[in-house]
Structures are given as structure tokens and as C-alpha cells.
Ligand SMILES: Cc1cc2nc3c(=O)[nH]c(=O)nc-3n(C[C@H](O)[C@H](O)[C@H](O)COP(=O)(O)OP(=O)(O)OC[C@H]3O[C@@H](n4cnc5c(N)ncnc54)[C@H](O)[C@@H]3O)c2cc1C
């Protein structure tokens, strides 16, 4: 195993024991990859019950934003993600991955044009797209029309974390002399002297657990805000849903707010005009970046210190691929994909 130094020199490192600090989805995915390679993995984590990974809905969607852009590297990253989460599901002895159909409600007439242009160019060919005419369909309002598509999934991120955690050694602190330490502390990386230079832009997200007694849908609905059915234990969809999520780059207080709750309810009621009963309201801070890519790599000055963060709204999708990138660097010295290599943000020299 060969690793490259800051000046491009090459030296041998025999990695046997890796310690991971922080065990959200980033930490769990790195641990999973390392365990597959037969390494000793220890972890230390502050176990925040309201961490981004524990609050998240775990959705994977192939289309992004109101301009309906295909998600960056969508098909490639989705197939890696599905394989990894199904593998972890086998260890949990239940599926942690669920496929969905999603119905998009256009928020403005201009979205019809954006949709038609992309559809005509064949950008949605792999997604089984069907256009929805303006009007009401199955209790949902589509004032400017919309469309439905496949290629959408949810991942039970909390169970992914718990399943992998059952296979590693949990320690109260960083042990003496692991061969390498991987920092997976989410947005907290910003407050650590080793990683404060990373371009993380924390974004607060709020999410509601609700009952909508008069709504029975077996697909996800979105107009920017989404309504996601929470399946019963037998897999069927009842009256329980999650509604999310807000995006706030200024408020770093991880507590839910009245403003966030009202915004989500107002957006949901534009799609379904039914009584919505809020049963829970949570919030967390995502370790987002402006360029919407993960941040992984080795510290430019400390050869045994690594980082994996920058998972924003696409963390469930990008995480498995990014974890494989980092593990290939760690064990083989393979170069990272330029888009995610944290070294390009190093300015301290
Ligand atoms: C409301 C909401 C909805 C979301 N929905 C989706 C979605 O549908 N799809 C999707 O892909 N993404 C979604 N996300 C984003 C997703 O949650 C993130 O991409 C991902 O969870 C980030 O994972 P992480 O492991 O990097 O960070 P975190 O989940 O924040 O984990 C960091 C861990 O490190 C620990 N830690 C911190 N500091 C230390 C320290 N000094 N020592 C030890 N441990 C430490 C914390 O306790 C925590 O366990 C959503 C986020 C929110 C807030």
C-alpha cells in the first residue's frame, strides 16, 4: 500500500487499525467499507440524537431543484448507493432501501417549459416519466401540472448507522496511535483546528412528522417541499407522513422553530387541502457546501489524518461513493476524484 505525500513523494503505509471520529452516515459508510477490507475499526462519537443523519428523511432523487436538473452523476451514484445499502440491509436482516414513485407539482408555469425541454432532450429517459395535466388528481392540486417519475428511493439512515455500529468497537476517546484517523463529525468539523479551513456552509433543516387522516397516497409528493408516506410495519402506506425540509444558512441553532413549522405546513397545504396534524417537529444542521459535493481526503500537513464531510441534501446518494473514494485513497493511495478532494481548498500552505 502506497500513499502520496504533499510533495508527491510515495511511501509505504501498512494500515491495519483505523479510528473514526463521529458516527453519522459518513462515519458508518467509511466503517462499512473498511470492515469489508478486513481492517480493525474503532469509533468515538458524541451520539447526538438530533444529528443530521438521525433527523434526515434519507431520500434519493434523480432530479434536483425547480429547473429539474438531473442529479450530478445520478445513475452511477444511485447504483453504488443501492448496492451498499442493500448489503448493510442484509446484515440488519431487513431491507433498509425502498423504491418509490414521485409526483412533482409545478410551482409556476415556467416549469412546464423547463420540463418539456429536458424531456425532449431525453434527459429523463431512464426515469419512466409521465406528464400530469393541470388540475386535481388523487386529492392533490397541480395548478400548473407536473409529472411523475421513478428512480427514487428512501434509505433508513438511522438503521444503517445502528447496523454498522454493531460491528465496530466504540471507544470513549481517540486511542493511542491508530494507523489513521478519519474525521466524520458533520458540520462540527468547522470548529476543529485541523479542519476549520474546509468550505462547509452549515444549513439548518426542519422536518415534521404528521398524520393526514384523509390522505392515502403510496408515492412521494413534492413542490419543493415534500410529503413522504411513512409505511406501516407491513409495508403499506397509511395516514402517517413526513413533511420537509427547510433550508436556512443563517440560523445555526439546532432547535425547531415556529417559522419552519408554519412554512412546511403552508407549502404542504398548497398540494393537499386536508387537515394535517403535527405529531413531532425536529431540526438538525447539515454539513452542506455551496458546490453541493462531499469533502473527502487527507490533511495536507498530517499524513494520518483524514476527513469525510460535506454531505448536504444529497448525503444518502453521494455518501457510499464518496466513502469508497476515501477508502481507496487510504488503502491504495488511489487519487481522489477532483470534485471531492478537500486538498483543493487548502490555503494555509
Ligand atoms: C431535516 C433534514 C432532512 C434531510 N433529508 C435528507 C434526505 O432526504 N436525503 C439526503 O440525502 N440527505 C438528507 N439530509 C441531509 C443528511 O442528513 C446529511 O447529508 C448527512 O446526514 C450528514 O451526515 P454526516 O455523518 O456527515 O453528519 P452528522 O449526521 O451530523 O453526523 C456527525 C456525527 O459526529 C458526531 N460528532 C460531532 N462532533 C464530534 C466530536 N468532536 N467527537 C465525536 N463525535 C462527534 C455527532 O454526534 C454525529 O453523530 C437531511 C438533513 C436534514 C437536517
*asked:* One residue is enough: does the range 204-227 have a residue meeting the conditions closer than 30 Å to residue 34 by Cβ and crowded, with 21+ Cβ neighbours inside 10 Å?
replied: yes
*Could you please let me know if residue 6 is over 23 Å from residue 325 (Cα atoms) and either modelled with pLDDT of 95 or more or more than 9 Å from the ligand (Cβ to nearest atom) (or both)?*
no
*Can you spot a residue in the range 161-178 that is closer than 30 Å to residue 262 by Cα, within 11 Å of the ligand (Cβ to nearest atom) and touching a helix residue (DSSP H, G or I) at 6+ places or on another chain (Cβ under 8 Å)?*
no
_Filter result for the condition that a residue is more than 13 Å from the ligand (Cβ to nearest atom) and in contact (Cβ under 8 Å) with a residue 12 or more places away in the chain, over 150, 205, 244_ = 150
*Failed condition for residue 331, given (1) within 29 Å of residue 16 (Cβ to Cβ); (2) touching a residue at least 60 places away in the same chain (Cβ under 8 Å); (3) touching a helix residue (DSSP H, G or I) at 6+ places or on another chain (Cβ under 7 Å), with all others met?*
(3)
*Count of residues meeting criterion [out of contact with any strand residue (DSSP E or B) (no Cβ under 8 Å at 6 or more places or on another chain) and either at positive phi or more than 9 Å from the ligand (Cβ to nearest atom) (or both)] in the range 14-48*: 7
*Which ones in the range 116-132 are under 12 Å from residue 68 (Cβ atoms) and out of contact with any strand residue (DSSP E or B) (no Cβ under 6 Å at 6 or more places or on another chain)?*
116, 117, 118, 119, 121, 124
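The values are calculated or read from the model by the stated rules, or taken from the named source; none is laboratory data. Source: prediction; values computed, not measured. When we count neighbours, we look across all protein chains shown, and the Cβ atoms used for this are built from the backbone with ideal geometry, even at glycine.
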